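Only one structure is covered here, and it is reproduced in the block below.
The values are calculated or read from the model by the stated rules, or taken from the named source; none is laboratory data. What you are looking at is a predicted structure, and each value in this text was computed from that prediction instead of being measured. In this analysis, Cβ positions are derived from the backbone assuming ideal geometry, glycine residues included, and neighbour counts consider all displayed protein chains.
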Amino acid sequence: MARPDKLKLGTFVYTFGFNPAAWRHPAADVQGANRIDHLLNVARISEAAKFDFMFLADSPAAAIGDAEALSRSPTKMNRFEPLSLISALSVLTERLGFVATASTSFYEPFNLARIFASIDHLSGGRACWNVVTSDHDETGYNYNFDGLPPHSWRYERGEEFVDVMFGLWDSFEPDALVLDKASGLYYDKNKLHVLNHKGKHFQVRGPLNIAASPQGRPVIAQAGGSEPGMELAAKTAEIVFSLASNLQRNKAFAENVKGRMAKYGRSTSDLKMMPGVVINVGATKAEAQAKVDFLIDNLHPDVGRWMLGEFLETDLSGAPLDKPFPMERLPAEPKGSKALFEELTDYIRQGHTLGELIRHYAEKSTGNGITGTPTEIADFMEEWFKAGAADGFILMCPTLPASLTDFVELVLPELRRRGLFREEYEGKTLRDNLGLSMPQNRYTAARNA
């Protein structure tokens, strides 16, 4: 049976692209990290293509590790703070949604609730919060911690944080503003509510001093694949970003998360499973592979060692590229993707050199890279969509804007020919375009019960 909905698409944004060598691409604007023009161009290409949103990944810290490698890899070392950036981009665009990452471990709920509500008003209802608890020690060093707080503490705090945010966003009921000049009444005092939250991690009186946002509240995105992460997603998330490396694994993940939603009174139609996928497309297979080879050839050896070492969580600095992988530096268990870890360890045991392993990882990236023709890319997306393994995809473009333009010009016409992607936006807000329901204000619901 054909699905009644259509694919959802988002643009994943590291400044120059997902590949660490992207800034060396001939079409890259090397000044782009500190100028809005570059990222506005990415937003306008995405909006003209009728994408749902632009997804800004972030970590509130510079990377740590091999200083020589980091000096050659700008991704985490020079980039805009995402909430400031989407505030600017939102008033220069009309329909594109903006997903910004902000950590529950290092903000306070009131500040973040107010910022996101403001952005939702500025954008006319196109804001989305990517909820993270942070996963690298370098962030903790900037916020009065000696490294990263324990996983259990971060998720416990994170769950309470989201509860407080939802409560603050309900402060004003949707029709609370009277705006009656004749009587002098600006808002109905009975429709403004004090939260008075007192919990383990937060004490927040409220109310939030900004009216209900155009979407009721911003859309919620999340990427956690751990047990508490999946539970939090089932309870609160509306976009789930996954990195599973094959169809069956991602379908099982989607069914696991969506299967938990009923106990929270939620419909599965209010959660969009959107795997991140690295796409290299060309008019021919050889052309697509040439784009991959160019980036790998321009990946400095120090950056390659650091990139692979960051995933494996081991120090590869100084290891010879023309010798087999130093097995004494291989951890026993992964902290990231188990599937990709197993793929890489199998590759290591086949006797490949460290240099060959770096090239293999650089092409596969998170395990879900696909290189091919427009038909092959469209076949991949259609198969995942129809199988229920994905409701859409977040395009982790190797270079920006070049890879995004390639996708728009080569793959999008094929998706539209198959009836898989929209010709025009369905509405004005991100919720409208994603097909998500409007959240009901808790106080309005209680009054109408």
TODO: Any chance you could count how many residues in the stretch 164-208 are without any contact (Cβ under 8 Å) to a residue 12 or more places away in the chain and of a type in the set (D, E, K, R)?
DONE: 5
TODO: Restrict the check to the stretch 246-264 and report whether at least one residue is touching a His at 6+ places or on another chain (Cβ under 8 Å) and not aromatic (F, W, Y).
DONE: no
Open item on the list: Could you tell me how many of the residues in the stretch 260-270 are within 19 Å of A389 (Cβ to Cβ) and free of Cβ contacts under 8 Å to residues at least 24 places away in the same chain?
Closed with: 1
Task: Evaluation of E333 against (1) outside the structural domain of V219 (by TED's automatic domain parsing); (2) surrounded by 14 or more Cβ atoms within 10 Å (Cβ to Cβ) (one fails), failing number - done: (2)
- [ ] Examine the stretch 31-53 for a residue that is hydrophobic (A, V, I, L, M, F, W, C), modelled with pLDDT of 95 or more, closer than 29 Å to G206 by Cβ and assigned by TED's automatic domain parsing to the domain that holds V277, and state whether such a residue exists.
- [x] yes
Open item on the list: Can you find a residue that is among the hydroxyl-bearing types (S, T, Y), crowded, with 18+ Cβ neighbours inside 10 Å and within 16 Å of the chain's Cα centre (by Cα) anywhere in the stretch 68-88?
Closed with: yes
Open item on the list: Scan the stretch 160-175 and tell me whether some residue there is over 32 Å from the mean Cα position of the chain (by Cα), crowded, with 17+ Cβ neighbours inside 10 Å and either at pLDDT 95 or above or within 12 Å of P109 (Cα to Cα) (or both).
Closed with: no
- [ ] Looking for whichever is in contact with an Asp or Glu (Cβ under 8 Å, 6 or more places away or on another chain) and either of a type in the set (G, A, S) or on the phi > 0 side of the Ramachandran plot (or both) here; the options are G158, G140. Which one fits?
- [x] G140
Open item on the list: I want to confirm something. Restricting to the stretch 304-314 and keeping residues that are within 23 Å of the chain's Cα centre (by Cα) and surrounded by 14 or more Cβ atoms within 10 Å (Cβ to Cβ), which single residue is nearest to L357 (Cα to Cα)?
Closed with: L308
Task: Test set (1) over 28 Å from G372 (Cβ atoms); (2) in contact with a helix residue (DSSP H, G or I) (Cβ under 7 Å, 6 or more places away or on another chain); (3) aliphatic (A, V, I, L, M) - L395 fails condition number - done: (1)
Task: Failed condition for S103, given (1) touching a strand residue (DSSP E or B) at 6+ places or on another chain (Cβ under 6 Å); (2) at pLDDT below 90; (3) under 23 Å from G206 (Cβ atoms) - done: (2)
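This table checks each residue for (1) of a type in the set (A, V, I, L, M); (2) in contact with an Asp or Glu (Cβ under 9 Å, 6 or more places away or on another chain); (3) under 22 Å from G369 (Cβ atoms); (4) assigned to a loop (DSSP other than H, G, I, E, B).
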residue	(1), (2), (3), (4)
N19	no, no, yes, yes
L39	yes, no, no, no
E47	no, yes, no, no
M54	yes, yes, yes, no
A62	yes, yes, no, yes
S73	no, yes, yes, yes
TODO: Output the number of residues of the stretch 6-29 satisfying the condition of being surrounded by fewer than 14 Cβ atoms within 10 Å (Cβ to Cβ) and over 16 Å from S403 (Cα atoms).
DONE: 0
- [ ] Residues being within 19 Å of P228 (Cα to Cα) and surrounded by fewer than 19 Cβ atoms within 10 Å (Cβ to Cβ): count how many of those fall in the stretch 252-292.
- [x] 12
- [ ] Go through the stretch 411-431 and count every residue that is touching a residue at least 60 places away in the same chain (Cβ under 8 Å) and surrounded by 13 or more Cβ atoms within 10 Å (Cβ to Cβ).
- [x] 11
Task: Only one of Y186, Y155 that is of a type in the set (F, W, Y), under 27 Å from N448 (Cα atoms) and either in contact with a Leu (Cβ under 9 Å, 6 or more places away or on another chain) or surrounded by 17 or more Cβ atoms within 10 Å (Cβ to Cβ) (or both) - done: Y186
Open item on the list: A211 - would you say it is aliphatic (A, V, I, L, M), touching a residue at least 12 places away in the same chain (Cβ under 8 Å) and under 21 Å from Y443 (Cβ atoms)?
Closed with: yes
- [ ] State all residues of the stretch 385-405 that are surrounded by fewer than 24 Cβ atoms within 10 Å (Cβ to Cβ) and of a type in the set (D, E, K, R); if no residue qualifies, say none.
- [x] K386
